[in-house]
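Structure first, commentary second.
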Amino acid sequence: PEPISRHEGHGWTFEAESEPLWPSNRIDDLCAEEGLCKVPDMYCGNAALRIRHPETGFNLTLDTLGMLRSCRWKPPPKPSNQPLRETLPTRESEGEEAPLLGSVKCQFAAKWKPKGDNPDVKELEVSSDWTCCSPYWGDASMTPKDGEESVPVVPEVTQDELPMDELRRRDEIHWHNEVFFWEDELDDNGVCRASVRVRVMPTFWFVLLQCELRVDNVLIRDVSTRFFHSFGSDHVLREWTWREVPFQALKEKGLQIAGNPAISQMSVGTILLGEGDVKQRLRHHLPVK
């Protein structure tokens with residue numbers, strides 16, 4: 001298949017770029033260049049979905065590197081590419097130098113911690129999230145017609161919800177694509193998976209950017225950003241949702257963990273999350289004008 005798939009319609013251009021997995025030496029180089037503690041083992045560098053509206057200069061870019069940079073806090077990622085820390089119910093004790101969605105430890109963390117004070121044991125400086133779970137919601141920008149540099153779109157808070165009836169209609173699909181970003185098994189402590197899907201319908205386009213995480217016997221987390229645009233309207237609706245549930249809460253509900261097909265090598269387990277597990281949901285209009 002072609003690495004780049006393109007589509008045009010209703011004044012919009014769509015470009016999905018799928019890339020092969022990077023070899024370990026490229027991953028190591030990226031880790032050093034970007035100041036990351038971790039890059040996913042199965043990483044498709046340069047993979048991206050790009051959506052443009054040439055008439056207004058609106059651009060939406062969802063790419064692997066942008067998503068990976070949002071796993072890092074030192075140096076911080078582009079502020080407009082993710083929610084502001086103050087809009088999220090994260091642990092205040094962690095401060096700015098911690099994952100935006102809160103730190104997660106694996107089930108063996110307590111056993112691995114060295115006992116006592118050993119002057120020969122130095123704690124490594126941590127600058128990114130070892131789980132590779134990203135709060136990234138994409139890069140929305142406007143390119144002025146005079147050729148000046150692009151500037152971030154200024155989002156407008158809204159209470160508008162996704163039009164689920166319209167999304168469920170079985171209309172003809174004009175174009176669709178799925179771009180795989182990464183997967184990592186967290187050194188056999190779970191799995192993190194990131195991808196983006198797009199479909200263009202007769203009256204709208206829709207995108208789902210998803211980062212799924214399972215840390216075995218600790219938690220399951222889903223960070224999903226949905227974009228919806230009705231052709232002819234003056235905005236794109238962006239809905240960012242963070243859902244999370246500890247394994248202990250699943251057990252207290254009577255859910256059988258061992259042997260559960262929803263928790264496997266193929267399935268991260270986010271199918272088990274419901275509305276009661278929403279930690280935060282943020283909706284914005286991204287102006288297209």
Taking ASN46 and the conditions (1) in contact with an Asp or Glu (Cβ under 8 Å, 6 or more places away or on another chain); (2) part of a loop (DSSP other than H, G, I, E, B); (3) of a type in the set (S, T, N, Q); (4) surrounded by 15 or more Cβ atoms within 10 Å (Cβ to Cβ), which numbered condition does it fall short on, given that it satisfies the others? (4)
Checked the range 218-252 for anything of a type in the set (Gly, Ala, Ser) and more than 21 Å from the chain's Cα centre (by Cα); matches are SER230, GLY232, SER233, ALA249
Count of the range 7-18 residues which are in contact with a Ser or Thr (Cβ under 8 Å, 6 or more places away or on another chain) and either without any contact (Cβ under 8 Å) to a residue 40 or more places away in the chain or over 30 Å from GLY232 (Cα atoms) (or both): 1
Mind checking which residues of the range 1-33 are touching a Leu at 6+ places or on another chain (Cβ under 8 Å) and either assigned to a strand (DSSP E or B) or open to solvent by 30 Å² or more (accessible area, probe 1.4 Å) (or both)? PHE14, GLU15, ALA16, GLU17, TRP22
Please specify each residue of the range 49-68 satisfying the condition of being among the hydrophobic types (A, V, I, L, M, F, W, C) and open to solvent by less than 10 Å² (accessible area, probe 1.4 Å). LEU49, ILE51, PHE58, LEU60, LEU62, MET67, LEU68
Return the residues of the range 45-77 that are among the basic types (Lys, Arg) and out of contact with any strand residue (DSSP E or B) (no Cβ under 7 Å at 6 or more places or on another chain); say none if nothing qualifies. ARG69, LYS74
Members of the range 247-278 that are surrounded by fewer than 17 Cβ atoms within 10 Å (Cβ to Cβ) and either assigned to a helix (DSSP H, G or I) or in contact with a strand residue (DSSP E or B) (Cβ under 6 Å, 6 or more places away or on another chain) (or both): GLN248, ALA249, LYS251, GLU252, ILE271, GLU275, GLY276, VAL278
Residues of the range 135-168 satisfying the condition of being without any contact (Cβ under 8 Å) to a residue 40 or more places away in the chain and either in a loop (DSSP other than H, G, I, E, B) or in contact with an Asp or Glu (Cβ under 8 Å, 6 or more places away or on another chain) (or both): ASP146, GLY147, GLU148, GLU149
Inspect all residues belonging to the range 226-246 and state whether any of them is closer than 30 Å to PHE108 by Cα, surrounded by fewer than 18 Cβ atoms within 10 Å (Cβ to Cβ) and not β-branched (Val, Ile, Thr). yes
Based on this model, can you work out whether THR131 counts as in contact with an Asp or Glu (Cβ under 9 Å, 6 or more places away or on another chain) and either closer than 30 Å to ARG197 by Cβ or modelled with pLDDT of 85 or more (or both)? yes
Considering residues that are farther than 21 Å from LEU186 by Cβ and part of a helix (DSSP H, G or I), the number found within the range 49-96 is 9
Test for ASN25: is it modelled with pLDDT under 95 and of a type outside the set (Phe, Trp, Tyr): no
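The values are calculated or read from the model by the stated rules, or taken from the named source; none is laboratory data. The shown structure was predicted, so the numbers you read here are calculated from the model rather than taken from an experiment. Cβ coordinates were reconstructed from backbone atoms using ideal geometry, including for glycine residues, and neighbour counts include every protein chain displayed. Remember, those area values only see protein heavy atoms, side chains included, never the ligands or the DNA or RNA. Shrake-Rupley method; radii C 1.70, N 1.55, O 1.52, S 1.80 Å.
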